[in-house]
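Heads up: the structure comes next, in structure tokens.
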Amino acid sequence: MNTIELAERTSRAWALMLYLLGGILLLVELAGMTFMRRDFVDGFWLGIAMVCALTLLPWRRWLKPNSVLNRMLEDEAVREHRRMSCTAGFWASLVAALAVAPFAHDALIGSYDVARIVATAGLFAAMISFATLELRAAR
């Protein structure tokens, strides 16, 4: 297997992992908001959210900038996809914040829950957008 095939396989696996992590993040948030209000679920959500945020960073370029595989996986198209997905995450978190603001004002939702909803919306949108753009580019 040459470097191009390895880069394509790695890119597809990365995109599928982003879908999986995004789904887990959303499920943990929904479970924590509805029926499992426990410290373990809160901690698990925080851990998954941190992993999701770290997956959106260009850490390959930072750790091994001279690797041929990493240069193929972090090209200008991927940088543009990352920028577009972070923009989608920003708008999703803004919409989520504006949507839950009236409920937080009337104390129907606590501030911690508002923060989790906003963070989950932003991370979920960014991860799904990035994974979709990467899979679309792989075709």
Just one of (1) of a type in the set (A, V, I, L, M, F, W, C); (2) surrounded by fewer than 17 Cβ atoms within 10 Å (Cβ to Cβ); (3) under 23 Å from Tyr19 (Cα atoms); (4) at pLDDT 90 or above trips up Ala99, so point out which. (3)
I need the full set of residues from the range 55-84 which are loosely packed, with under 12 Cβ neighbours inside 10 Å, part of a loop (DSSP other than H, G, I, E, B) and among the hydrophobic types (A, V, I, L, M, F, W, C), in order please. Leu57
Given the criterion out of contact with any strand residue (DSSP E or B) (no Cβ under 6 Å at 6 or more places or on another chain) and either touching a residue at least 24 places away in the same chain (Cβ under 8 Å) or surrounded by fewer than 15 Cβ atoms within 10 Å (Cβ to Cβ) (or both), identify the matching residue among Phe44, Phe90. Phe90
If you go through the range 1-54, how many residues are within 18 Å of Ala138 (Cα to Cα) and part of a loop (DSSP other than H, G, I, E, B)? 2
I'd like the full set of residues that are closer than 18 Å to Leu26 by Cβ and over 22 Å from the mean Cα position of the chain (by Cα), limited to the range 93-120. Ile109
Look through the range 4-27, keep the residues that are surrounded by 12 or more Cβ atoms within 10 Å (Cβ to Cβ) and more than 14 Å from the chain's Cα centre (by Cα), and return whichever of them is modelled with the highest pLDDT. Arg12
For Ala88, all conditions in the list (1) among the aliphatic types (A, V, I, L, M); (2) part of a helix (DSSP H, G or I); (3) within 16 Å of Met127 (Cβ to Cβ); (4) out of contact with any helix residue (DSSP H, G or I) (no Cβ under 6 Å at 6 or more places or on another chain) hold save one; what is the number of the exception? (4)
Any chance the range 75-93 includes a residue that's closer than 14 Å to Phe130 by Cβ, of a type in the set (S, T, N, Q) and modelled with pLDDT of 85 or more? yes
Within the range 91-138, take every residue that is part of a helix (DSSP H, G or I) and among the β-branched types (Val, Ile, Thr) and give me the one that is farthest from Leu54 (Cα to Cα). Val100
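The values are calculated or read from the model by the stated rules, or taken from the named source; none is laboratory data. Given the structure is predicted, the values throughout are model-derived calculations rather than measurements. With ideal geometry, Cβ positions are generated from the backbone for all residues, glycine too; neighbour counts draw on all protein chains shown.
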